[in-house]
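The values are calculated or read from the model by the stated rules, or taken from the named source; none is laboratory data. These numbers were taken from a predicted model, which means no experiment stands behind them. Don't worry about glycine lacking a Cβ; one is built from the backbone with ideal geometry, like all the others, and counts go over all protein chains shown. What goes into the accessible areas is simple: the full protein's heavy atoms, side chains included, and nothing from ligands, DNA or RNA. Shrake-Rupley method; radii C 1.70, N 1.55, O 1.52, S 1.80 Å.
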Protein chains: 2
Amino acid sequence: MLQQLARNAGSQTPVGTFDVLVQDDESLGRTGMLHTAHGVVPTPVFCPVGTQATVKTLSPDELVALDAPMILANTYHLYLRPGADTIGALGGLHDFMGWERPLLTDSGGFQVFSLKGLRRVDDNGVTFRSHIDGSEHRLTPEKVVAIQEVLGSDIAMVLDECAEPFHHEYNVAALRRTHLWAERCLRAHRRRDQLLFGIIQGGVFEDLRAESARVLAGMGFPGYAVGGLSVGEPKSDMHRILDHVVPLMPANKPRYLMGAGSPEDMLEGVARGIDIFDCVLPTRLARNGAMLTPEGRLNLRNATYRVDSRPIQEGCTCYACRHFSRAYLRHLVMANEILGLRLNTIHNVHFMLDLMRRIREALTLGCFAAFKEEFLGRYRVADAAARDRNRQRWRTS
Amino acid sequence: MLQQLARNAGSQTPVGTFDVLVQDDESLGRTGMLHTAHGVVPTPVFCPVGTQATVKTLSPDELVALDAPMILANTYHLYLRPGADTIGALGGLHDFMGWERPLLTDSGGFQVFSLKGLRRVDDNGVTFRSHIDGSEHRLTPEKVVAIQEVLGSDIAMVLDECAEPFHHEYNVAALRRTHLWAERCLRAHRRRDQLLFGIIQGGVFEDLRAESARVLAGMGFPGYAVGGLSVGEPKSDMHRILDHVVPLMPANKPRYLMGAGSPEDMLEGVARGIDIFDCVLPTRLARNGAMLTPEGRLNLRNATYRVDSRPIQEGCTCYACRHFSRAYLRHLVMANEILGLRLNTIHNVHFMLDLMRRIREALTLGCFAAFKEEFLGRYRVADAAARDRNRQRWRTS
């Protein structure tokens, strides 16, 4: 039923309306419906990432077949190439990339602050050099809003300064600018069919996070993100900050944990009241041959799968599992065949979207705590070393 | 109607039956139906190439949606990786790659003879080193047949020696071995559900080609290929040899021109009596952003398409043209996005298959000569320099 409602793009409900449907008794978990100009998004939701106006390897019709409710695109990348004006001239990002469902764009702030040594920040914005051709560019709060208005995403994000999570002094300074910029973004924002979300920063510091939540809530955004987490800090810090900050966020607005998207992150995040997730992890893992299964990751490069006629995951209904063996997918990976990248991506995206469907169902049925315990009891989490390797390339592609 | 019949895999007609349906009055062009164990192939037919058990970037369901009647896979590549035994253990090549329609495999001879300096030939076979890991391997006529029987392709090819087209002495020596090996392949071949085709060699020499056609016809193959053309010789030589050799080939058996597959090659080949074509050109061009259109090639890297909202080809019914602009496809090419390789491949394969459908229709309606003249009058053939660049990588990927 949630799926059917999600397709009801012709709804008369005002854009930005967020209906909380079920509030879990034993956790902060909840189900909801976020109304956007391109349809209703059932929450909690996982958004596959389409950095350069394409979820790598997948076509829009495959994403619809996988029933992805919303995808994310990166403002920084699209601003540099092909350019916001180009996309605007072609009718906006939805038309450009052939995606008719809701779209979320980040502000580019995270990418710019990842360009260490290539950017200078001041109170009015940030100057940086392109990773493509070294050309100099400047983003201001107003420009970031203007770009996203041209792109025409359903959810846009304010420009924020994403500081090193453990650097207190830097976080204090960055937070001041983040709040300044949030206010300027809000003032500059014109499109009524686009929701502009605020971003709470403050690193791993509970007092800064509390201040950020309070200040931003006072500005009255239609949704709030928690930024600056899942950037290398231990999971325990992420959980501690979520435990502390989510109760301070407006309960009647969607809450978005930026850049988190491992299966365990979804369960822990939902339990702590998060409604929206995005991450490149599932698609990037897929391109490396690391497949998500209920037992943990299965690495197709392992020789043990050479003549394994089973699908990646027994009982999985995705196109890859219905048609191909581990042996064939392993062959495609070993032979560097593009079809392998694509079939593996289909499986991992299906795994994440299916997990979210089951989480929503468990919340609806009132058995989320049991579902979470059962899933995490079976799922072998990747070790810290593997996580660190992944994190180095976090959200960059 | 041809399409519907092509799907009639449950036919009771014996495998290998080749029905000539229409013989053109003004050329050697003809339509036919080749009955294989996995269904009927309407001819003339273009076979997309799936070197490593995948037509690069495309899934089997996309190839079926494109209505590809038959595809080719490369014995040499699959023998080296993942190995014929692995594919055999997984039920054969059809099951392995999820392709239920007819499959053609080459013998590996062409690839081995392309490994200059890495192979030694003698009357019993050829010894070579793997392009993957340098390991030493030996192919004999019997082994090449055994491998293809394990793969289970519908059409298998004999081991042949593909000589430099203009080197007369080499062609004389190679032809002796090619005929020796053809006989040994035929004797070794056991599978009644697989058609083993002979390969006519002889370079650009009419006397050698005539001898080869005569010797092979005497062996009674269910089909005959013309090998050793489209390997770098001028188009005029290819046409001259086809003009000379096709009339010497059995009229009631399918004729296969190996490795030719530009639009102009198809029209010239069909006019000269060829029934089957294969080539990596359309798929490789697509991955380079060179799109086939009725006017010639359109290169998506050209800045002129930066904000071009038109499809690659107006009126084209392929998925790429129905959903995406030149500007978006250009963006994907410039950003090295995999989806671009895939959408471009869909278009170029559609273009070739659609051209073949129209050629069959023109033959059926008795207007092939007019169709050919009209098509070639509009289609700007790539210049010789571009052809030479392409040829250097001919049939290697």
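Under a model in which nothing but the beta-carbon of Lys, Arg (+1) and Asp, Glu (-1) is charged, segment B:70-125 shows a dipole of about 260 debye around its Cα centre. About its Cα centre, the protein assembly as shown has a charge dipole of approximately 840 debye under the convention of +1 per Lys or Arg Cβ and -1 per Asp or Glu Cβ, with nothing else charged. In this simple spin-label approximation, B:H167 and B:T317 carry label points 7 Å from Cα along the Cα→Cβ vector, and these lie 4.8 nm apart. The value of relative contact order for segment A:74-230, using C-alpha pairs under 8 Å at least six residues apart, is 20 percent.
How long are the three semi-axes of the equivalent ellipsoid of chain A, in whole Å, if each is the root of 5 times an eigenvalue of the C-alpha gyration tensor, listed from largest down? Could you put the intermediate results ahead of the total?
Numbers: eigenvalues 195, 115, 96 Å².
For chain A, the ellipsoid semi-axes come out as 31, 24, 22 Å.
Working from label points 7 Å from Cα in the Cα-to-Cβ sense, the B:H137 to B:V22 distance is 4.2 nm.
What's the FRET efficiency of B:L365 with B:M219 using the Cβ-Cβ distance as r and R₀ = 56 Å, to the nearest 0.05? FRET efficiency, B:L365 to B:M219: 0.95.
Counting alpha carbon pairs within less than 8 Å and at least 6 residues apart, what relative contact order, in whole percent, applies to chain B?
Values: 763 pairs, mean separation 63.3, N = 397.
The normalised contact order for chain B reaches 16 percent.
Structure remark: mean-square fluctuation, Gaussian network model of chain A, C-alpha springs under 10 Å; the largest value among A:D95, A:D106, A:D275 belongs to A:D95.
With charges set only on the Cβ (+1 for Lys and Arg, -1 for Asp and Glu), what does the dipole of chain B come to about its Cα centre, in debye to the nearest 20?
Working: 46 positive and 45 negative charges, 184 e Å.
Rounded to the nearest 20 debye, it is 880 debye.
Remark: mean inter-chain Cβ contacts per residue of A:93-100 equal 3, using a 10 Å Cβ-Cβ cutoff to other protein chain atoms.
If you sort A:M97, A:M219 by accessible surface, 1.4 Å probe, largest first, the order is A:M219, A:M97. Packing, taken as the mean count of other beta carbons within 10 Å per residue, orders the peptides A:341-348, B:81-88 from highest to lowest as A:341-348, B:81-88. The accessible surface of the protein assembly as shown, taken with every protein chain in place and a 1.4 Å probe, is 49 percent carbon and sulfur. Relative to the dominant Cα principal axis of chain B, helix B:206-219 is inclined by about 70°. Excluding residues on the same chain fewer than 8 positions from A:K235, give the lysines whose Cα lies under 30 Å from its Cα. Partners found: A:K56, A:K116, A:K253, A:K372. Once both axes come from the Cα atoms, what is the angle between helix B:368-378 and the longest principal axis of chain B, in degrees from 0 to 90, rounded to 10? Rounded to the nearest ten degrees, it is 60.
Taken over the Cα atoms of the protein assembly as shown, the convex hull encloses 164 Å³ per residue.
Surface burial for B against A, with a 1.4 Å probe and both sides summed, reaches about 3000 Å² of accessible area.
Per residue, segment A:74-137 exposes 38 Å² of accessible surface when a 1.4 Å probe is rolled over the protein heavy atoms with every protein chain present. Highest mean packing comes first when the peptides A:119-125, B:57-63 are listed by Cβ atoms within 10 Å, giving B:57-63, A:119-125. Relative to the longest principal axis of chain B, what angle (0 to 90°, nearest 10) does the C-alpha long axis of helix B:141-151 take? Roughly 50 degrees, rounded to the nearest 10.
Quick check on chain B: helices-only [θ] at 222 nm, where DSSP H runs of length 4 and up contribute -39,500 (n - 2.57) each and the sum goes over total residues. Nearest 500, please.
Numbers: 17 runs with 169 residues, N = 397.
Result for chain B: -12500 deg cm²/dmol, rounded to the nearest 500.
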